[in-house]
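Notes for the one structure printed next.
Only the coordinates and a few stated rules stand behind these numbers; no lab work does. It should be emphasised that the depicted structure is a prediction, and the values quoted were computed from it without experimental measurement. Ideal geometry is used to build each Cβ from the backbone, glycine not excepted, and the neighbour counts take in all protein chains shown.
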Amino acid sequence: MNTPKEILEDLRKMGIEVIRPLTEGMWQNLQVQSSLIDRIKEAQQNDSKLQKIWKQTEEGLQTGIRKHPDGSLRFGDRLCVPSGDLRTEVMSEAHNSQYSIHPGSTKMYKDLRQTFWWHGMKREVARFVSRCLVCQQVKAEHQRTAGLLQPLPIPEWKWEHLTMDFVTGLPRTQRGNNAIWVIVDRLTKSARFLPFRVGQSTEVLAEMYMRQIVRQHGVPVSIVSDRDTRFTSHFWKSLQESLGTKLKFSSAYHPQTDGQSERTIQTLEDMLRACTLDFRGAWDDHLHLVEFSYNNSYHDSIKMAPFEALYGRKCRSPVC
C-alpha cells in the first residue's frame, strides 16, 4: 500500500494540487483541485484576443463570453482556453493519459466541450487525434460484416439486463490471467472488465460474478450471452435460476445478438494495445484504467458517458 507521501507525489505528477490546511489535528481535510484550471485563468489575463473579446462584451458589442465568479472567462459554462501550449496540454491529457486512453476525435471532442472552449476546437481535436502515432498503430479497421442483428427491448432500469462475452487468447501475465470477462449493462452501456484464467471452474467464475456484479448492482433480470460452456454448464444455470435470473441465449447463427459485446470488445482491445505501447507492462496492469476510461468517455448511442448515465454526472478527472 502506498504511503500518504507517495500518494501526494502521484497526484502532483497528474497535475492535481492537494491543499493541506495549516491547522493540525486528529482530523485533516484535504482539498483536491487541478492546477490546470488556475494556469488557464492566469493565461487568460495575458491573451490579447480573449481580452479584446471580453472588452467588446463589456461594451455590448459581443455576447457569449462572460466572467465567472472565480474570475475566469467562460463561453457559457465552458472555460475559455487561450491559444498556445495550454491547448496542446489539454488535448494531450484528454487523449493519452492513464485515465483517458486514446479516444477517437468525436468522443474526445464531446468530452472536452463540456468543460473547455476555444475557436476551432473541434477541428483542432480532429487534427490532434489524426496525428497520434499510437492510434495509427492500434486502431483496427472495424468493418467486419456482422450478420443480421436482432434488436433487444430497451431495459427500464440500470444493470437489470446485461450482455456478457469473453476476450481470450491474451498473453498470460504474472498473475496467471489470459482472458477478460466483459460484462455490459444494456441501458447505461457501463462495463466491467474482469481478468481471469481460461480453465477456471464455473464455481470460481460464479464467485467472481457475485463479488463484482451482484454486490454492486444487485441481481440482473436477464443475461444475453453466446453459447459458451461456462454459461451452459449445469452449475451455472442452476446458480442463475436460484437467483431469479433468466438466461437468454443467442439465436442460432446470430451469436452477436444486438452486437453490444462485440463493439465493446473492439474498443477494449484497442485501448489495451494503446496502454501497452504508452505505459508498458502487462495488460492486466492497465485493465482498471481501461475500464475507467471506457466508462467515463462519451458514447454516441446514449449521448453521454456510461458513468454519467449510471450516476447522473461524469466522474471527475484531472482534466475535466
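Computed values, structure above
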{"quantity": "Global geometry of the range 45-101, whether rounded, prolate or oblate, following the gyration tensor of its Cα atoms and the 1.5 cut on a/c", "calculated": "prolate"}
{"quantity": "Counted charge near A305, where neighbours are those whose Cβ lies closer than 15 Å (Asp, Glu -1; Lys, Arg +1)", "calculated": "+4"}
{"quantity": "Local electrostatic count, H217, Cβ distance below 13 Å [Lys/Arg +1, Asp/Glu -1]", "calculated": "+3"}
{"quantity": "Violating pairs (Cα-Cα greater than 24 angstrom) within the set K107/K139; K139/K189; K107/K189; K158/K303; K52/K303", "calculated": "K52/K303"}
{"quantity": "Euclidean distance of C-alpha centroids, the range 284-316 and the range 72-125, integer Å", "calculated": "17"}
{"quantity": "Binned Cα-Cα distances of the range 59-131, short to long, each 5 Å bin given as a whole percent", "calculated": "3, 16, 25, 23, 15, 9, 5, 2, 1"}
